[in-house]
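Read through the structure below, which is laid out as structure tokens, and then see the notes.
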Amino acid sequence: MSTAIELRGVEKSFGVTKVIQNVSLTVAQGERHALIGPNGAGKSTLFNLISGYMTPSAGSILLRDQTISGLRPYQINRRGLSRSFQVTNVFANMTVWENLRCAVLWATGHRYAFWKNVDKLPEVRQRTAEILQDIHLVGRRDVPAGLLTYAEQRALEIGITIAGGADVILLDEPTAGMSHAETERAVELIRRLTEGRTLLIVEHDMSVVFGLADRISVLVYGQIIASGTPEEIRGNPKVKEAYLGEEAA
Amino acid sequence: MRDLAATAAPPLPALADKLKFYAIWVVVALVLLLLPKLFATGGSLTTFSLIGISIIFALSYNILLGQTGMLSFGHAVYYGLGGFLAIHAINIIGANKWPIPLPLVPLIGGVTGLFFAALIGWVSTQRSGTAFAMISLGLAELVASSALILRTFFGGEAGVSANRTKLLKVFGFNFGPQIQIYYLVAAWTLIAVIAMYALTRTPLGRMCNAVRDNPERVQFVGYDPHVVRYLAFCFAGFFAGIAGSLAAINFEIANSAYLGAVQSGTVLFAAYIGGIGFFIGPIVGAIFVTVLSLGLSDLTTVWQLYFGLFFIAVVMFAPGGITGLLMMHRPLIKAGMLTRMLPSYLIALLPTLALITGLMLAIETTVHYTVNPGEDPHVKAFGIPFNAASSITWLVAAALIVGGFALARISWRRTAHVWDETLTAARAKVHAT
Ligand SMILES: Nc1ncnc2c1ncn2[C@@H]1O[C@H](COP(=O)(O)OP(=O)(O)OP(=O)(O)O)[C@@H](O)[C@H]1O
Ligand SMILES: [Mg+2]
């Protein structure tokens with residue numbers, strides 16, 4: 001199987017504190033890979049490094065065997081990697097429809113066009129409508145994103161992330177702060193929307209992780225202490241000690 | 001593939017809506033055509049021309065501020081350079097007898113604005129927010145000061161003048177009389193407004209809004225916010241150049257004031273006072289500011305002071321500008337409940353007017369004592385004579401300010417209360433139907 005994402009000896013320091021230490025990680029194409037670990041372990045930082053928001057202090061990051069470390073976020077996005085944010089990060093003054101459409105425009109090749117009427121592009125309308133339907137926000141189409149409920153905003157966050165059609169998706173705690181019912185719906189959504197794509201997901205809810213992931217990596221204090229199938233991780237004593245505790249025992 | 005666009009997407013405008021939309025532009029064109037028939041004096045034609053120019057300029061500014069979220073303190077640079085190039089172009093075309101008529105000269109100004117925006121913008125749009133604002137200010141100072149140094153091109157203090165009637169005639173127009181200039185400006189205003197409106201509806205226009213809202217996230221949907229800002233900047237420069245060259249044609253002169261800080265400040269005022277959150281905001285603001293500055297300067301010597309105070313009041317109490325205030329009332333109008341607000345407005349307006357009158361009296365008295373203290377204290381402001389030396393005047397001013405302020409505070413609070421209730425009722429009513 002070919003690899004989607006590969007990290008080789010990646011490090012990241014903020015000043016004197018090394019937040020990511022010598023992380024090597026491989027995510028295969030089409031795999032759903034969960035990244036777990038305690039608060040402050042560096043999971044979001046790792047996402048920031050992969051998505052180009054930050055540049056690693058050392059090591060290299062590859063997307064489908066091509067180096068992407070050092071590229072700008074939009075360059076990485078154009079190569080087919082898209083990410084969501086732990087803290088909702090949408091276009092608050094624009095409607096749900098406009099939010100999703102912004103995420104569709106580049107991928108449909110309209111780029112910086114200033115000679116086309118954006119409302120009349122059939123493939124943009126079609127694709128935006130599909131995503132809108134997928135994230136169950138048809139009824140909220142014309143509401144400014146800032147006025148949505150928390151769960152709706154999280155759904156929109158996922159919608160924007162997948163709208164461009166990227167085949168490598170990074171989701172940072174998509175269900176954080178959701179009720180049990182909302183979480184179930186969100187997981188169903190994620191499962192469906194990432195069908196046939198590569199998914200790297202940060203998640204604290206262990207039932208979500210073990211239900212969704214093909215493989216799991218555990219990050220503690222900026223280091224990957226274990227990587228394997230859900231069964232391997234469940235049985236790993238080091239993981240139990242450092243993170244899972246009694247929870248998964 | 002599912003055909004969802006039909007159900008989930010916003011409906012495409014129906015034929016009736018489209019016709020309505022085009023009808024608006026036709027009506028606007030007709031109004032522009034007939035305006036000189038209603039107000040035929042040379043003075044009003046000049047006013048209309050100036051309004052048209054400032055509409056283009058303010059809208060071009062709003063491509064930056066309102067659409068893309070870039071606060072520029074130096075937009076007059078592109079206006080001014082467009083103006084200078086237009087004047088030089090008129091002179092060169094006239095001297096060489098080239099077959100280029102005057103109506104095409106604004107295009108030269110526009111391309112000039114575009115050229116310099118493309119040159120300067122690549123650097124200044126690297127950053128947004130405060131950094132962009134500071135760079136724009138610095139560059140504006142740079143260009144304004146070089147205008148006084150490079151005398152051959154900018155003409156020093158006096159500026160450069162030209163004779164617009166020396167160019168190729170079109171349909172017998174030589175563009176000497178003001179009425180012909182009015183029509184020239186009106187035509188360009190209509191074209192520029194339509195073009196800038198269309199720009200807001202394009203992929204680039206929408207990504208400008210996205211960059212304004214959240215430049216960080218834009219990067220993660222494939223867009224380089226720098227390029228978006230840069231392109232917006234180029235368009236803004238282009239239309240500013242058109243406005244500047246129309247001004248140059250109107251006055252037959254371009255001087256360093258065209259590119260100065262005052263001009264840059266005025267366009268910010270106009271756009272903001274009108275309301276940067278709406279496409280028509282800067283149009284409203286441009287009309288308002290032009291009429292006000294022409295009118296006020298006849299009535300009082302310190303009109304810029306009033307202007308500044310008014311601007312502060314808008315920023316503090318109506319950040320959406322005039323258009324924002326009007327648009328706020330849309331839900332009430334829809335529910336037919338606007339009349340419920342009128343009594344409160346009238347009650348609040350009285351003490352507010354008293355406060356304003358008191359302030360004006362105090363300002364004009366102070367101006368008398370600071371600017372020309374030796375002169376006769378029987379002065380006139382806004383056409384009303386009063387005695388600046390009389391203690392009665394001072395007492396009246398003080399009473400109006402103190403009493404007006406206290407009552408205005410109370411009555412506006414009440415109004416706000418009534419507003420909340422009315423809005424809630426209006427929403428409920430619209431929902432119910
Ligand atoms: N820009 C930054 N500058 C300095 N320190 C940072 C920065 N970003 C993150 N950190 C630090 O790096 C460490 C890892 O943070 P990160 O957000 O990656 O953790 P996380 O695993 O995502 O945690 P959580 O589960 O709480 O989201 C934390 O100690 C954090 O304070
Ligand atoms: Mg995190």
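The values are calculated or read from the model by the stated rules, or taken from the named source; none is laboratory data. What you see is a predicted model, and the numbers here were worked out from it, not measured in a lab. Neighbour counts run over all protein chains shown; Cβ positions are idealised from the backbone, glycine included. Side chains included, ligands, DNA and RNA excluded: accessible areas come from the protein's heavy atoms. Shrake-Rupley method; radii C 1.70, N 1.55, O 1.52, S 1.80 Å.
Taking the Cα centre of segment A:61-211 as the origin and placing charges on Cβ (Lys, Arg +1; Asp, Glu -1), which of A:Leu63, A:Gly177, A:Val208 is farthest toward the positive end of the dipole?
Result: A:Leu63.
On the protein heavy atoms, probe 1.4 angstrom, tell me the percent of accessible surface of segment A:3-248 carried by carbon and sulfur.
Of all accessible area on segment A:3-248, carbon and sulfur atoms account for 48 percent.
Sequence neighbours fewer than 8 away in the same chain don't count; with that in mind, list the lysines whose C-alpha is under 17 Å from A:Lys12.
A:Lys43
Please work out the average accessible area per residue across segment B:330-432, using the 1.4 Å probe convention, and give it in Å².
66
Do any chymotrypsin sites (Phe, Trp or Tyr not before Pro) in segment A:122-226 lie in a DSSP loop with no more than 15 other beta carbon atoms within 10 Å, and if so, which?
Within segment A:122-226, the qualifying chymotrypsin sites (Phe, Trp or Tyr not before Pro) (loop, at most 15 other Cβ atoms within 10 Å) are A:Tyr221.
Treating cross-link reach as a plain straight distance, find the aspartates and glutamates whose alpha-carbon is under 18 Å from the alpha-carbon of A:Lys116, omitting any fewer than eight places away in the same chain.
Within the straight-line cut-off, A:Lys116 pairs with A:Glu98.
Give me the tail of P(r) for segment B:330-432 as a percent: Cα-Cα pairs with distance above 20 Å.
The calculated P(r) of segment B:330-432 puts 54 percent of pairs beyond 20 Å.
If N is the number of residues in the protein assembly as shown, what value comes out of its Cα radius of gyration divided by 2.2 N^0.38 Å?
1.17
When the dipole is taken about the Cα centre of segment A:79-193, and only Lys, Arg (+1) and Asp, Glu (-1) are charged at their Cβ, what size is it in debye, to the nearest 20?
My answer is approximately 420 debye.
Just in segment B:97-176: which trypsin sites (Lys or Arg not before Pro) are loop by DSSP and have at most 10 other Cβ atoms within 10 Å?
Answer by residue number: B:Lys97.
Quote the charge dipole size of the protein assembly as shown about the Cα centre in Debye, to the nearest 20; the model charges only the Cβ of Lys and Arg (+1) and of Asp and Glu (-1).
1360
When Rg is the radius of gyration of the Cα atoms in segment B:43-94 and Rh is its Kirkwood radius, what does Rg/Rh come to?
On the Cα set of segment B:43-94, Rg over Rh gives 1.09.
If all Cα-Cα distances of segment B:80-149 are sorted into 5 Å bins from 0 onward, what percent lands in each bin, rounded to whole numbers?
3, 15, 19, 20, 15, 12, 8, 5, 2, 0
Which value, in debye to the nearest 20, describes the size of the charge dipole of chain B about its Cα centre when Lys and Arg Cβ atoms bear +1, Asp and Glu Cβ atoms bear -1, and nothing else is charged?
Around 1100 debye, computed over chain B.
Mind jotting down the three principal axis lengths of segment A:40-100 based on Cα atoms? Whole angstrom, largest first.
If we take the Cα atoms of segment A:40-100, the spans are 40, 29, 15 Å.
Which value, in Å² and to the nearest 10, is the accessible area of A:Lys12 when all protein chains are kept and the probe is 1.4 Å?
30
Going by average Cβ neighbours within 10 Å, how do the peptides A:188-196, A:171-179, A:119-127 rank, with the highest at the top?
The packing order, highest mean first, is A:171-179, A:119-127, A:188-196.
Give the residue from B:Leu114, B:Ser256, B:Ile273 lying farthest towards the positive end of the charge dipole for segment B:23-321; charges sit on Cβ (+1 for Lys and Arg, -1 for Asp and Glu) and the dipole is referred to the Cα centre.
The listed residue farthest towards the positive side: B:Leu114.
Relative to the compact globular guide of 2.2 N^0.38 Å, what is the alpha carbon radius of gyration of segment B:1-107, as a ratio?
The reported ratio for this selection is 1.61.
Considering every residue in A:84-97, what mean count of other chain Cβ atoms within 10 Å of its Cβ is obtained?
3
Can you give the Rg and Dmax of segment B:17-78 based on its C-alpha atoms, in angstrom?
When restricted to the Cα atoms of segment B:17-78, Rg and Dmax are 15.7, 40 Å.
Which whole number of Å³ per residue matches the convex hull of the alpha-carbon atoms in segment B:375-417?
It comes to 76 Å³ per residue, whole-number rounded.
Evaluate the Debye formula for chain B with equal point scatterers sitting on the alpha carbons, no solvent, and hand back log10 of I(q)/I(0) at q = 0.05, 0.13, 0.14 Å⁻¹, in q order, two decimals.
Results for chain B at q = 0.05, 0.13, 0.14 Å⁻¹ read -0.22, -1.29, -1.37.
How much accessible area is lost when chains A and B come together, counting both sides, with a 1.4 Å probe, in Å² rounded to the nearest 100?
Buried surface at the A/B interface: approximately 3800 Å².
Among A:Gln86, B:Ala76, B:Val315, whose Cα projects farthest towards the positive end of the dipole of the protein assembly as shown, with charges put on the beta-carbon of Lys, Arg (+1) and Asp, Glu (-1)?
Positive-end residue among those listed: B:Ala76.
Could you work out the percent of alpha carbon pairs in segment A:138-234 separated by over 15 Å, rounded to a whole number?
64
Considering segment B:232-305, what Rg and Dmax in Å follow from its alpha-carbon atoms?
Spelled out, the Cα radius of gyration and Dmax of segment B:232-305 are 13.4, 39 Å.
Bin all alpha-carbon pair distances of segment A:3-248 at 5 Å intervals from 0 and give each bin's fraction as a whole percent.
It works out to 1, 6, 14, 17, 19, 17, 12, 8, 4, 2, 0, 0, 0, in whole percents.
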